[in-house]
Amino acid sequence: MCFTHRIEKWMGVWFERCMLRSLGLRVQLGHNHGETCSNPRPAINNDFVVIDSDGIHRVALDFCSCERTKPAAIQLLQSRLFPATLTDPRTAASFRVLETFQMLSFTARMSTYEFLAAIRRCTDNCRQDNVPDRYREFMRMIHEWRHLRLLKRKGRGHNPSGVKGTKPGECVVLCPACPLPGINLPDNWECSDERWLHALFLAIDANFQLTRKVVLDDQRDPGLNCGYAYIVEEQQFKEYLSLFGDQILDDKSTCNNHDAIKSASIRGGKGFAASGLGTVQCSRHDMKRPNGSGDMQKGERYVNMDYFCIMTLRHNIPLMLVISYDIVCQWSINFVSRCIKYPPNAVGSNPAMDIKYLVPKFHLPAHVQKCRDNFSFNLTPHVGRTDGEAPERGWSSSNDLAYSTREMGPGSRRDTLDDCFGDLNWGKATRMALAARAKDAIAWRQEQVESWLSFADTIPERQRQRWTTIVQAWEKDRTQFNPFGYEFEDISISSVRYDLALEEEESVKAGTASVVHKDVTPSEFILQGLGIEDGM
């Protein structure tokens, strides 16, 4: 845009910066270059402000008022200028500056205030009072810009039903590696004997960094996305909380004293409208799910996390689920019975749904031994090397947004998080390289199989068969004897020495003893080595 160029005028002794407007330049909208408007209409007070990447400019701008002319806002948009308002606009931002800020908010997590402060200094780094303050207008424009770009990417303008026909969660970037019925699953996949191949892995967690202060309300700062992407629709969410918020009580912990359970009764603090953000997302590929996130009003309550779970389960649900949560040992106990009470949902209408409940690997050691036996990824078949810690990795990126989003109104915050979550998903989807990873996985699998076979050959075949039978029985029915269970008992060096001595005596009688020294047995070698190690 040449009319935003800034030039310097020679004053006889020095150069003084000036605007093209002061030299008589006027910008005419509504006509092609070189055409003359027969009925130009100047902007209000003949003063129009344009925010561009290199500064904030005062421009002498004329709208076209010819017969059959288009509204002023449309004339600006056709010139790649985004109006701050539809009625008598006096401020606009270039598409270029909006695109630049949107990308900086994704990569550098820059706030609107910081970005506009930099633009103001680019305009005049000495006298800030002379630069128009358009912070509120820019906030409104970037809010609308994010929303319109979201709809544009999903082609809502080409759909006969338009924006109003947009379904909940329709504008998300889906995980290309997750099972999506009707998209990436083979025909008759429901009849497969290996249902675990098409299982959906979900991870649940809450982030208490992404808070929001009591700033404005939904009437003064309404959201524009209305549940079209990752954040749940606010009005429906509030109605659900008003119905079930007091009915659904959190269980008392029968496990260790976890932070998530303690935080269920903790508010965000004085002056906070949201104590954090809860999420239910893909746990294998670290991608956000449609309608899987929302605000926490009072800690990490079941009623909130249940809602995010049943809302995201409205989208692309296979026959088998694997759900990981750091307090799944408590949360899962009455999850299905709670879902039956809620409005119609995928779990409540199908209580027999095949769901595996597991604890993320990093959080598992904090649980009691019974939980470590029954909710371990490592002891569960058909889950690969999934660790269930996907939300924690995602929070490390999202936490930088907290400094700006906590000061936003409710609608701006939800739509900003929607936009940033969409960028995270887009980055994951474009860098996933499924074919290359599948090729590497086949080679790595072969290495693991060979290592396992080599180890198995060291165990007597009868013992190996007996262990295999016990393990397979436990995997089919968790009420059977758990071969991985660990019973705590006091072990001393004397008791270990005694047990090893008995074992060696039996091996000598059977003629299978390994003699490494005529005076020192193998167990004595081990104990002497441990003693040397302790003394070092």
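Computed quantities for the displayed model
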{"read-out": "Whole-number percent relative contact order across the chain, with pairs defined as alpha carbons under 8 Å at least 6 apart", "value": "12 percent"}
{"read-out": "Positive-end extreme of charge dipole, the chain - chosen from HIS5, CYS171, THR36 (charges on Cβ)", "value": "THR36"}
{"read-out": "For the range 349-508: span of alpha carbons on each principal axis (Å, largest first)", "value": "77, 40, 40"}
{"read-out": "With at most 12 other Cβ atoms within 10 Å, longest stretch of the chain clear of loop GluC sites (Glu not before Pro) (DSSP)", "value": "195-486"}
{"read-out": "Crossing angle, helix 234-244 versus the chain [Cα axis fit, 0-90 degrees, rounded to tens]", "value": "40 degrees"}
{"read-out": "For GLN28, net neighbour charge (Lys/Arg +1, Asp/Glu -1) across residues whose Cβ lies under 11 Å away", "value": "0"}
{"read-out": "Exposure ranking of ASP62, ASP47, ASP457 by accessible area [1.4 Å probe, largest first]", "value": "ASP457, ASP47, ASP62"}
{"read-out": "Crossing angle, helix 461-476 versus the chain [Cα axis fit, 0-90 degrees, rounded to tens]", "value": "50 degrees"}
{"read-out": "Estimated vicinal HN-Hα couplings, Hz - the range 14-28 in sequence order (Karplus 6.51, -1.76, 1.60; Gly, Pro = x)", "value": "9, 8, 10, 5, 8, 9, 4, 4, 5, 9, x, 6, 10, 9, 9"}
{"read-out": "Which of ASN334, GLN369, ALA273, positive extreme of dipole for the chain (C-beta unit charges)", "value": "ALA273"}
{"read-out": "Accessible surface of the chain [probe 1.4 Å, protein heavy atoms]: carbon and sulfur percent", "value": "53 percent"}
{"read-out": "Degrees between helix 522-535 axis and first principal axis of the chain (Cα, 0 to 90, nearest 10)", "value": "50 degrees"}
{"read-out": "Amide H partners (placed H, <5 Å) of ALA274, local residues excluded", "value": "ARG212"}
{"read-out": "Equivalent ellipsoid semi-axes, the chain, via Cα gyration tensor eigenvalues times 5, rooted, Å", "value": "62, 27, 23"}
{"read-out": "Charge dipole (debye, nearest 20) of the chain; +1 at Cβ of Lys and Arg, -1 at Cβ of Asp and Glu", "value": "2780 debye"}
{"read-out": "For the range 341-399, diffusion coefficient by Stokes-Einstein and Kirkwood Rh (Cα), 4 °C, 1.567 mPa s, µm²/s", "value": "94 µm²/s"}
{"read-out": "Shape category assigned to the range 83-147 from the gyration tensor of Cα positions, a/c cut at 1.5", "value": "oblate"}
{"read-out": "Of the trypsin sites (Lys or Arg not before Pro) in the range 123-188, those whose Cβ has at most 12 other Cβ within 10 Å and which sit in DSSP loop", "value": "ARG127"}
{"read-out": "Sequence of SER111, SER22, SER293 from largest to smallest accessible area, 1.4 Å probe", "value": "SER22, SER111, SER293"}
{"read-out": "Straight-distance crosslink candidates among aspartates and glutamates, where the alpha carbon sits under 17 Å from LYS298 and sequence neighbours closer than 8 are dropped", "value": "ASP205, GLU234, GLU239, ASP246, ASP250, ASP251, ASP259, ASP306"}
{"read-out": "Heavy-atom accessible area ranking, 1.4 Å probe, most first, across ILE44, ILE204, ILE317", "value": "ILE44, ILE317, ILE204"}
{"read-out": "Amide H partners (placed H, <5 Å) of LEU61, local residues excluded", "value": "VAL27, ALA43, PHE48"}
{"read-out": "Farthest positive-ward along the chain dipole, Cα basis, beta-carbon charges - from GLY24, GLY384, LEU500", "value": "GLY24"}
{"read-out": "Whole-Hz couplings from phi, Karplus 6.51/-1.76/1.60, listed for the range 117-131; x for Gly and Pro", "value": "5, 5, 5, 5, 6, 5, 5, 7, 8, 10, 10, 5, 5, 7, 9"}
{"read-out": "Set of lysines with alpha-carbon distance to LYS341 below 18 Å, sequence-local pairs under 8 removed", "value": "LYS238"}
{"read-out": "Eligible lysines near LYS509 by straight Cα distance, threshold 23 Å, same-chain separation 8 or greater", "value": "LYS518"}
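The values are calculated or read from the model by the stated rules, or taken from the named source; none is laboratory data. Keep in mind it's a predicted model, so treat the numbers as computed, not measured. Ideal geometry is used to build each Cβ from the backbone, glycine not excepted, and the neighbour counts take in all protein chains shown. In case anyone asks, the SASA skips ligands and DNA or RNA and just uses the protein heavy atoms, side chains included. Shrake-Rupley method; radii C 1.70, N 1.55, O 1.52, S 1.80 Å.
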